[in-house]
Protein chains: 2
Amino acid sequence: MFRRFAPQITKVIRNMSTEAASAAATAAPPAVNTPKAGSKKSSKKSKKSEQFLLKTPKGTKDWADKDMVIREAIFSSLTSLFKKHGGVTIDTPVFELREILTGKYGEDSKLIYNLEDQGGELTSLRYDLTVPFARFVASNSISSIKRYHIAKVYRRDQPAMTKGRMREFYQCDFDIAGAYDSMVPDAEVLSILCEGMTGLGIKDFKIKLNHRKILDGIFQACGVKEEDVRKISSAVDKLDKSPWEVVKKEMVVEKGQDEAVADRIGEFVKLNGSIREVLELLKKNETLATNESAQAGIADMTTLADYVDAFEISDWIRFDLSLARGLDYYTGLIYECVTSASAPPKNAQELKAKATKDIKDANAEVEDASEFVGVGSIAAGGRYDGLVGMFSNGKSIPCIGISFGVERIFSIIQARAAKQLEKVSASQTDVFVMAFGGGEGWNGFLKERMAITRQLWAAGINTEYLYKSKANIRKQFDGAEKAGAKVAVILGKEEYPEGQLRIKVLSQGDDSDQGELIKVEDLISIVKQKLDAYNEDGIDEVTRMIRGL
Amino acid sequence: MFRRFAPQITKVIRNMSTEAASAAATAAPPAVNTPKAGSKKSSKKSKKSEQFLLKTPKGTKDWADKDMVIREAIFSSLTSLFKKHGGVTIDTPVFELREILTGKYGEDSKLIYNLEDQGGELTSLRYDLTVPFARFVASNSISSIKRYHIAKVYRRDQPAMTKGRMREFYQCDFDIAGAYDSMVPDAEVLSILCEGMTGLGIKDFKIKLNHRKILDGIFQACGVKEEDVRKISSAVDKLDKSPWEVVKKEMVVEKGQDEAVADRIGEFVKLNGSIREVLELLKKNETLATNESAQAGIADMTTLADYVDAFEISDWIRFDLSLARGLDYYTGLIYECVTSASAPPKNAQELKAKATKDIKDANAEVEDASEFVGVGSIAAGGRYDGLVGMFSNGKSIPCIGISFGVERIFSIIQARAAKQLEKVSASQTDVFVMAFGGGEGWNGFLKERMAITRQLWAAGINTEYLYKSKANIRKQFDGAEKAGAKVAVILGKEEYPEGQLRIKVLSQGDDSDQGELIKVEDLISIVKQKLDAYNEDGIDEVTRMIRGL
């Protein structure tokens, strides 16, 4: 199923199936697979091999420049939102004792990154922020907390880089732990999800909602044995990517269910609509009427319907019985936020076939599966009432949470804001200090520029100057433009020794303008005044971009 | 030198020497050393073993509550500073291809964390932010950048937890890459260091400064062979922890230098003072007069003396010829910022002896060396003109940077601000929405509280309410206090149906005050007005605490 290609095939094509690729990666022989530049076969260090060495590990990337401006603005928007809901933040280590992660992720456990055993404890990189949170709650005997955590997580998955599916990626999580009245925190988390999206200018989203107790009740009522429920659930979870026929086949052939059982399940999982619409169908269903689990879930959803009305978020929500979510630890409400960018392209199969036609083994791995997949869900979460108990001798703390997939949201905003982004500068420099002079005895006023710059720094003003002892006027204006500075402070050869400076407001077209002559002692107050005037029109460009205005 | 203790010895004591401990860790057999809870010897899961399982890996910790408030405020202070100097931020992966890190850290390379070979590339956790930055500059062919990066780095070192010496810890780095006039960026980085410290209310610091070219020149002039320079430099680097006699012994016995050579070095490395004082001594020294490297360094320092005057930071600086810095990649100016907390306690040896007396092997490892060590340097850096060239076929980009040790700075601020911290709340909740009522037909107004809360959220106001359908008055006030709320919005059983609410400013002693009766439609404007009045006195408590006001 998996084979390694000879080194001369530079573009290694890999199978897009996550399961296959991961199983292959896990099963791969432990032979040392050094980057090509380090290969002993290439004795001379060619330029090409040096370049290859310089890449980041597969599925990771550097973030820089305006991309960072967007991402930081997303973090900032979500942080404000989390604080608005009373959240406090925590920071847990990027790796945990390996046993903490064991048995929490179902089929995805094979995607966990392990650290090498260098003596001492066995540890692994965190797979999400939820399990470390549950470990934190248990180990500190916390009875209630609303916490947010924005940090990187790690999955040895098949990357789809341009769609924001990476091996190292950020999650922005908000979780509510504590025993409260039914569905109250659940409704608030859904509100946070909606506020998060609209605050990021994303309005064409839907929240798919389901309840594990209803889903489990359906499986039981359809004749699935107790021990098969989780694996049937994980088959249903694939319905967003595969048609019912494929999922049914998996249930019958791979997972040993009767065809009649699968067909009965099929009738349920095609149901979706508003919470009240689907509830109506479920409440009159006779198969579920005597199922305790299903009835408990139906009662929860009935309560929830009122609360989402109070929060005015019902329109975003779709109760969808085909939503299952892969992770083992969910026990109640589950949800996923999707947009039009979530689905794979219509011609995904065709694109995949085209990409693999050059090599014989169509099951090989694709380096970057971006072409064949959608961004998937852009936020997701659910209730996990049993997870903390796994770390605290069964003393359960009910929890519910939401995780925003920042990289995927980033992809959406980046595509939307391409034009606005041109006006944004990566640095936030406000003032550029320059010296104009020339002729005999002209030394470039470097120390003088430093001293003036120091005064501006001391006043908290973002200021740069050119790191050259002598610089011509053009180069200094270029530097100011590159820095995105709004105001130039100019030390003239004749004027400065007489205690005077020139202030010139930049990027206003009129380059011939010599600026305003001021006294050195008025520098700070006049610069502040110019900068205030500059920002007078309210919302800055970055905020405008993030909110989609 | 290193031995493993039998499992029954629960408190394993380890040698405080970093080198010894690390060498031991690296040399340890690759036997699986699972956490005790997972040990096959304990078949029943006792409470004790469960608790042990719940810890974070050695040398790491969870950050939460008010500690996070302090740390985020430190990050925020440094981020503003970096932006003030024109910095832009980047984010690189937490792990790099292993070869990127190889050969960059001298004796400390053994402290690098490797990821397990699970098929695919060999990777390691980053040891600092400098090498990934150089790799970033080279791989993107950047000719100049001022970048800051606040992120975690990883070192399998001997932890000293209460002193902020961890295996996972944050660095806050600012680096300037690019070919500029001599010592101009260097002076700015020193200014950033001083501004960073004073901005964090740390005023009793000194910057120890030295120049690799001067140091190398001294070693050459004293008779050290070219190939021995780096290892003699790393011996000198220990002078902040060990007396000259110990370092001299290392040079002569371990590193094979003549005693006369060591003595000549000893005469130089005891010199320190202001830049101009030490320069005066060096300039008239005949041994160095013909040494090219030393003279180049002396010229640099002469230039620097003027620039640090222009930035008004000379008073913080001490030119100290005993400063060597361990890392291989420095090529010019090097510096370390120290405070009174940096040095180990006077009775360190005594404390160490006491801790190790219960076990026979005094060379064993200490779990936490906090008692015996100081916090060390709280910021450090230097010029590294060759590092980028190592990644780009020798195309050099000169660089200089500063790294702030946040955990160590945190320890200092935490100790200083203990009293102020009492007044600070971890959450930033402003408003708490409550319902007052009772008697027949009283339903607790849960949906009504939700609807009012939603209005406040929509207006961007940080708001909480109790997650219970009915809650008594006392519990709601307790909730408001726990959240640190400033204003209560109260829905009265009789008043709310008539379109009225009560607003009550909290924590002002007078609990009998019934608050102000307002119309529902005026809610947002009146709440905003109350909150504005609350913050009227200017600087908030957290800022006050961080700045040491």
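Across 5 Å bins from 0, what is the distribution of all Cα-Cα pair distances for segment A:374-419, in whole percents?
Spelled out bin by bin, segment A:374-419 gives 5, 19, 17, 13, 11, 11, 9, 7, 5, 3, 1 percent.
Please name which of A:Ile397, A:Phe477, A:Gly438 has its Cα lying farthest along the dipole of segment A:392-549 towards the positive end, using unit charges on Cβ (Lys, Arg +1; Asp, Glu -1) and the Cα centre as origin.
A:Ile397
Starting from the amide H of A:Tyr465, placed 1.01 Å from N in the peptide plane, find each other amide H under 5 Å away whose residue is 5 or more places distant or on another chain.
Those qualifying (amide H under 5 Å, at least 5 residues apart or on another chain) are A:Val433.
For segment A:47-128, what does the alpha-carbon gyration tensor say about shape, rounded, prolate or oblate, given a ≥ b ≥ c as the root eigenvalues, a/c under 1.5 as rounded, and a/b over b/c as prolate?
oblate
What is the average number of partner chain Cβ atoms found within 10 Å of a Cβ in A:117-128?
6
Express the carbon and sulfur contribution to the solvent-accessible surface of segment B:65-118 as a percent, rounded to the nearest whole number, probe 1.4 angstrom.
In segment B:65-118, the share of accessible area belonging to carbon and sulfur is 47 percent.
Keeping all protein chains in the complex and leaving out DNA, RNA and ligands, what accessible area do you get for B:Ser469 with a 1.4 Å probe, in Å² to the nearest 10?
Accessible area of B:Ser469: about 50 Å².
Under the definition of Cα pairs under 8 Å and six or more residues apart, what whole-number percent is the relative contact order of segment A:126-241?
After rounding, I find 18 percent.
Using the Cα gyration tensor of segment A:144-229, with a ≥ b ≥ c the square roots of its eigenvalues, what is the shape: rounded (a/c below 1.5), prolate (a/b larger than b/c) or oblate (neither)?
oblate
Considering Cα pairs under 8 angstrom that are at least six residues apart, work out the relative contact order of segment B:431-534 and quote it in whole percent.
27
Carbon and sulfur atoms: what percent of the 1.4 Å accessible area of segment A:431-534 do they account for?
Answer for segment A:431-534 is 46 percent, counting heavy atoms of protein chains only.
Starting from the amide H of B:Phe436, placed 1.01 Å from N in the peptide plane, find each other amide H under 5 Å away whose residue is 5 or more places distant or on another chain.
Here B:Leu491, B:Gly492, B:Lys493 satisfy the definition.
Would you pull out the residues with amide H under 5 Å of B:Arg165's amide H, same chain only if 5 or more places away, H placed 1.01 Å from N?
For B:Arg165, the qualifying residues are B:Ala160.
Which sequence of A:Val137, A:Val88 reflects their accessible areas, 1.4 Å probe, from the largest down?
Reading off the accessible areas and sorting them downward yields A:Val88, A:Val137.
Averaged over B:447-458, how many beta carbons belonging to a partner chain fall within 10 Å of each residue's beta carbon?
Mean partner-chain Cβ count within 10 Å for B:447-458: 4.
Express in Å², to the nearest 10, the accessible area of A:Leu281 obtained by rolling a 1.4 Å probe over the protein heavy atoms while all chains stay in place.
Its accessible surface works out to 80 Å², give or take rounding.
Taking only protein heavy atoms into account and a 1.4 Å probe, give the accessible area per residue of segment B:431-534 in Å².
Result: 48 Å² per residue.
How high is the relative contact order of segment B:209-331? Use alpha-carbon pairs under 8 Å, at least six apart in sequence, and give a whole percent.
Relative contact order here is 46 percent.
How big is the Kirkwood radius of segment B:472-530, worked out from every pair of different alpha carbons and given in Å to one decimal?
About 12.0 Å, per the Kirkwood formula over Cα pairs.
Each residue of segment B:324-329 in turn: what ³J(HN,Hα) in whole Hz from Karplus with 6.51, -1.76, 1.60 and θ = phi - 60°, glycine and Pro shown as x?
10, 6, x, 6, 5, 7
Beyond 26 Å, what share of the Cα-Cα pairs of segment B:209-331 remains, rounded to the nearest whole percent?
Distances greater than 26 Å cover 17 percent of the Cα pairs.
Here are some pairs, B:Lys208/B:Lys248; A:Lys208/A:Lys284; A:Lys241/B:Lys58; which of them have Cα atoms lying more than 32 Å apart in this structure?
A:Lys241/B:Lys58
Leaving out ligands, DNA and RNA, and with a 1.4 Å probe, what % of the accessible surface on segment B:213-346 is carbon or sulfur?
On segment B:213-346, the fraction of accessible area on carbon and sulfur atoms equals 48 percent.
Nearest-to-axis residue of chain A, judged by Cβ, for the A-to-B rotation, with distance in whole Å?
Per the A/B rotation axis, the closest residue of A reads A:Glu116, 2.
Roughly how big is the B-A contact, given as buried accessible area in Å² (both sides, 1.4 Å probe, nearest 100)?
Counting both chains, the buried surface is close to 9300 Å².
For segment A:431-534, state what percent of all Cα-Cα pairs lands in each successive 5 Å bin, counting from 0 Å until the bin that includes the largest distance.
2, 13, 26, 28, 20, 8, 1, 0
Probe of 1.4 angstrom, ligands and nucleic acids ignored: what's the accessible area per residue over segment B:209-331, in square angstrom?
Spelled out: the 1.4 Å probe surface of segment B:209-331, per residue, equals 46 Å².
From the label point of B:Gly548, set 7 Å along Cα to the beta carbon, how far off in nm is each other copy's matching point, shortest first?
4.8
Please list, in order along segment B:118-123, the HN-Hα scalar couplings obtained from phi with the Karplus expression 6.51 cos²θ - 1.76 cosθ + 1.60 (θ = phi - 60°), rounded to whole Hz, x for Gly and Pro.
So the Karplus estimates, Gly and Pro as x, are 9, x, x, 6, 8, 10 Hz.
The values are calculated or read from the model by the stated rules, or taken from the named source; none is laboratory data. This is a predicted model, so every value here is computed, not measured. All Cβ positions, glycine included, derive from the backbone under ideal geometry; neighbour counts span all protein chains shown. For accessibility, only protein heavy atoms count, side chains too; no ligands or nucleic acids. Shrake-Rupley method; radii C 1.70, N 1.55, O 1.52, S 1.80 Å.
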